[in-house]
Amino acid sequence: MSLCVTDITGLPGRPKTPMGVRKMLKRLGVPVRQVGKRFEFELADLPKDLQNEWRRLTCEEHHLDPGEYDDAAHVALERAPVSVRERAHDNALKLMFVAKMEAAGATWPEIAKEGKAKFGRFPSSRNTVKGWKDKTDGVAPANWAPALAPAWKGGERDEPTPEAWASLINRMNLSGKNGTGFPLKHAHKQVAKEAAAKGWDWPKYHTILRRWNDMDPIARLVAEVGEERATALLTLRLPQTAEGMAAMDMVDGDGREFKVRVRWPDGTVGCPWVVAFADRRTRKTVGWAVGKSENSDVTEAAIVHMCETHGRPQRVGFDNGSAFNSRRIAGGLTPAYRTKQTRNPDWAVPGVLKIIGAELHNKGVGAKTSNLQENVWSHLRHVDNDPRFHGAQRPGPNDPTPPKGEPVPLEVFEAVLAEAIHDLNTATDNRVKGLKKGESRAQAFERLLQGNSKRVLTPFMRRRLAMTWKIKTVRADGRIAFDGGLFGDHTTQRELLRHVGKEVLIGFNPRDFDAPAMVCHWEDETRRGSLFLEELPPVTPTRHGSTEGRRAAATEKQRVRQLVRKFRAAHPEADVAKLREAAMDAIGSADAIRRPEAGVVELHTDSGFKAAEPGEGAAEVSYLTEERLRNFIEATERQLASR
C-alpha cells in the first residue's frame, strides 16, 4: 500500500514537517519515489513501530478503537505477494471510511459517492461492504488488513519435461552474444516445436519465464550474455582514485590518427598520428610527438619530449598496442600483453622506459576500462575539423565528402595541435575530479609538483636513448668489430680481455659513428644489461702506406712489448735449473727409467721370433715362418709392379 509523506507527518515523536519526514525516511533506508509533487513510499517498507503508529492514528481519525495488535496475523500478511498486501491495506482503509460515514448518519449512496471521490475505486455494491464486515466481526480495527486480505493460495506450476528444459538451457548457452542476444521467447518457441514432435510437456511462456527467473542468477547471466561478458560484469573491481598522488607519479599514453591530410618534409602526403601523454593526477598533457604511424620511434620522441619539459615519471601506462610494448620501448621489463616477444634472447636489452627508470603499467582491451589519454583525445577531436584545415580533411565512411583542397604543411598541423593542447591545459571551465574550483590543469600540475624534486633527464640517459644496441663477441685482442667498424683501444683493452670469446651488449650512436660506444654484460644472466664500460672509443683507420699508419703501428708494437716485459721472469736460467734438480730428486732408484743397451737390434729371419723366457715377457709370441715371409715379399712386389 502506498502512502504519502504527509500521511505520517505529525505522528507522536516524529518530525512535524514533510521535509523532516523525508530526511527520517532516508535515514531509515525507506525508498521514496516522486510522483508529480508528491513523495510516496510503501507502508510495508516502514519499521513495525511506525506502521502501528500510522494504523492507530488512522483508527482514531475514523473514531475507532484500534484494539490489540495481532503480530502473527500481520507476519502472515507480510509473506503474501505484494498485490495481496496492497489490496488488504486498501480494503481496511475503505472499511474504516465506511464505519466513519455510518457513524455520522450517512446513507449508502452518500457513502459510495464520497468513497469514489476519495479512493477512486470503491465498491459499487453494498454487499461487498457487508462481506467485509462479516470478515472483521470480532476483529480489532488494527488487524482489519490481515482479515480482509484476498484468499491467495497460489497454484501448482506446470513443470516441463527435464529433456525440454535442458534443450532450452542448451539453446540459450549456444546462442550468439552480440547485439541484443537471443531472446528467451524465441528459444521457448523453438523448444515448443521440438516438444510437440517428441511428446514432451512444455508449459506456456509465462511459466517458463518464472522458472527462468528462479534460476541461479549467475547461471542465467552466463547463458544470456556469455562467459566473457559475465566475467566482466561480475568482477568486483576496487574503486581507484588519484587522490594522494603527486604530479608525474603516473602518466598515461596513447596514440590517435587525426583525419587531416598533411604534407611531410619528404613530399609525401598522409594523415598524422600523434602519441601523447597525460598526467594521471591532473590530466594535463605533458608530452606529445607527431609521426606517420603509431610506432616506437614516435613513442620514444613523445617520451623524450615529456621528460625534457616536465621530468621523468614514476610509472607509464599503456594499452596493448605493439608500438608501446615493443622491445625499443619496454625492453627489459615485463609487459602484460604481447609476451611472446619477451622470450627472445635480446629482450633483456634495456628499452626507453628502463633507461629513464620508469615502471610499465598495462591496461588493455580485456580490462574494459578506458585509458586516461583516450579521455583527453575526446577533448581534442575538434582539431580534425578546424577551419584552418579547410579542404584537407579526410572523410570517414559516413562523413560527407569535403571540398577538394591541398594538404596542409606539417608545421601548420603541429602549430594548430599545440594551440589546442595549450588551451586544454589552461582552461578553467573543466570538471576534472580533484581540481580546485576555477583551477586549470596546468595550475594544478604546478601546485602538486611543489615540494617534489623534478626527475630530470641526465646526459648519461640521453646518450643511452640515442644508441642502438647489438650483441657481439669480444675478439682475442680485446676489441669489438661489427658493421665495418672497430671499437676499443689501449685504455679499454685490459677490461675487455676479461670477456674474450664472450658475448657482450654494445651500444652505438647510429647518427654519429665517431662517438664512443657503451658495453654491458650479457652472458651472465644475473648481470645481464648492467653497464661495465661507459666509453669504448672507436678506432680510426689510416690509409695504406701512410706515414701516420706506420708511426701508429710502431708505437703500438712498442707499447705491447713494454707491457709484456713487465711480466717477464727475472732469472729464467736459475729457475729452470732448480726445476730440473727437483725433478731428478723426485725419481727414486726403483723408479729409474730403463734404457736399451747400446747398439742396433738385429732381426734374424732364418729362425723367426723366439718366445720370451718365463717371467721376462708375454706368454705367447707369433713365429715368422719362411712361408709367411715369402708371401709378404711376393705381395710387396705385386704392389710395386701395379704402380
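The values are calculated or read from the model by the stated rules, or taken from the named source; none is laboratory data. Remember, it's a predicted structure, so these values are computed and weren't measured experimentally. Every residue, glycine as well, gets a Cβ built from its backbone with ideal geometry; the counts of neighbours run over all protein chains shown. These accessible areas exclude ligands, DNA and RNA; they are computed on the full protein's heavy atoms, side chains included. Shrake-Rupley method; radii C 1.70, N 1.55, O 1.52, S 1.80 Å.
Backbone phi angles across the range 262-268, fed through the Karplus curve with coefficients 6.51, -1.76 and 1.60 (θ = phi - 60°), yield HN-Hα couplings of 10, 9, 7, x, 7, x, 6 Hz in residue order; Gly and Pro are listed as x.
Beta bridges assigned by DSSP with both partners in the chain are antiparallel in approximately 80 percent of cases. Couplings 3J(HN,Hα) for the range 252-259, derived from phi with the Karplus relation 6.51 cos²θ - 1.76 cosθ + 1.60 (θ = phi - 60°), are 10, x, 6, x, 8, 8, 8, 7 Hz, where x marks Gly and Pro. Taking each residue as 0.36 nm, the span from A196 to K118 lengthens on full extension beyond its C-alpha to C-alpha distance by 22.8 nm. Of interest is the spacing of the C-alpha centroids, which for the range 211-286 and the range 323-355 amounts to 21 Å. Between R388 and K135, the modelled labels are 7.9 nm apart [label points 7 Å from Cα along Cα→Cβ]. In this calculation the C-beta distance from N452 to V35 is compared with R0 = 45 Å, giving a FRET efficiency of 0.25. When the C-alpha to C-alpha distance is required to be over 24 Å, the pairs from K16/K100; K26/K100; K94/K135; K37/K433 that qualify are K16/K100; K26/K100; K37/K433.
Please report how far the C-alpha centroid of the range 112-183 lies from that of the range 23-42, rounded to the nearest whole angstrom. The distance from the Cα centre of the range 112-183 to that of the range 23-42 comes to 24 Å.
Here the scattering of the chain is modelled by Debye summation over its C-alpha atoms, one equal scatterer each and no solvent; at q = 0.06, 0.08, 0.10 Å⁻¹ the log10 of I(q)/I(0) is -0.75, -0.97, -1.13.
Magnitude of the charge dipole for the range 467-566, about its Cα centre and with charges confined to Cβ atoms of Lys, Arg (+1) and Asp, Glu (-1), is about 600 debye.
About the centre of its Cα atoms, the chain shows a dipole size close to 2540 debye [charges on the beta carbon of Lys, Arg (+1) and Asp, Glu (-1) only; nearest 20 debye].
Applying both filters, DSSP loop and at most 14 other Cβ atoms within 10 Å, to the GluC sites (Glu not before Pro) of the range 276-346 eliminates every site.
When +1 charges are put on Lys and Arg Cβ atoms and -1 charges on Asp and Glu Cβ atoms, the dipole computed for the range 82-167 relative to its Cα centre reaches about 540 debye. Label separation (D71 vs R628): 12.5 nm, computed from points 7 Å beyond Cα along the C-beta direction. Is the range 250-450 rounded, prolate or oblate when judged by the Cα gyration tensor, a ≥ b ≥ c being the square roots of its eigenvalues, rounded requiring a/c under 1.5 and prolate requiring a/b larger than b/c? In terms of gyration-tensor shape, oblate. Using heavy atoms of the protein chains and a probe of 1.4 Å, the accessible area assigned to I218 is about 90 Å².
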